[in-house]
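The values are calculated or read from the model by the stated rules, or taken from the named source; none is laboratory data. These numbers were taken from a predicted model, which means no experiment stands behind them. Only protein heavy atoms, including side chains, enter the accessible area calculation; ligands, DNA and RNA are left aside. Shrake-Rupley method; radii C 1.70, N 1.55, O 1.52, S 1.80 Å.
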Amino acid sequence: MADYQKMYVILCAAASDAADELADIPLAMRCRDKLQKALLAVEDIYMETTVGVLDCEGE
């Protein structure tokens with residue numbers, strides 16, 4: 001079975017690192033903001049959909 005949790009962590013960490021580097025480039029701020037907004041949206045979705053699943057696995 002695919003380990004979506006691990007894939008999520010790897011991808012989001014890389015995207016976050018890239019967004020941090022883009023912050024040093026004034027002309028890239030619009031791109032950085034879009035990436036940051038997407039990361040926050042994905043985090044919200046991930047938390048909404050996995051909290052219940054993780055709770056059920058612990059039972």
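Listed values, structure above:
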read-out	value
Solvent-accessible area, 1.4 Å probe, carbon plus sulfur percent, for the chain	63 percent
Entry for Cα Rg over 2.2 N^0.38 Å (calculated from the structure that is shown) out of (1) 1.40; (2) 1.67; (3) 2.20	(1)
Nearest-ten-degree value, helix 4-22 long axis tilted from longest Cα axis of the chain	20 degrees
Residue-averaged 222 nm ellipticity for the chain, from DSSP H runs of 4+ at -39500 (n - 2.57), nearest 500	-28500 deg cm²/dmol
